[in-house]
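Any read-out appearing in this document is the output of simple, stated calculations on the displayed coordinates, not a laboratory observation. Quick caveat, the model's predicted, so the values are computed rather than measured. Reconstructed Cβ throughout: ideal geometry from the backbone, glycine too, with neighbour counts over all protein chains shown.
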């Protein structure tokens, strides 16, 4: 694990020193042991959950929200957070995922490839 100094990023030299000191095999074995013992956690993304529950593709989901697939991916990966109307639509999708599936089938909301 890199040092937990959140006040400033590591310099190139510090990063190189940390990387060269790592035992990747030991880290992998430890990760596998933790998974086998159920000591892992899944990061929950409400955006992914809403999209998957609706059963539509990323491209369709992004189009319905009026954003690019890249923006959607940023939300799903936690790099950014949806705001405004997109946030409200995601909340609606979580409560009623079937509505987005219905909208995706509506020709007025067709995804143009």
For the chain, the longest principal axis of the Cα atoms and the Cα long axis of helix 84-95 enclose an angle in degrees, to the nearest 10, of 80 degrees
Using only the Cα atoms of the chain, what are the Rg and Dmax in Å?
19.9, 56
When 24, 15, 89, 100 are ordered from fewest to most other Cβ atoms inside 10 Å of their Cβ, what list results?
24, 15, 89, 100
Degrees separating the helix 12-21 axis from the principal Cα axis of the chain, which is the longest one:
70 degrees
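Give me 75, 18 ranked fewest to most by other Cβ atoms within 10 Å of their Cβ, as a rough exposure proxy.
Working: 75 23, 18 13.
The fewest-first ordering by Cβ neighbours comes to 18, 75.
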Tell me the relative contact order for the chain as a rounded percent, counting alpha carbon contacts under 8 Å between residues six or more apart.
27 percent
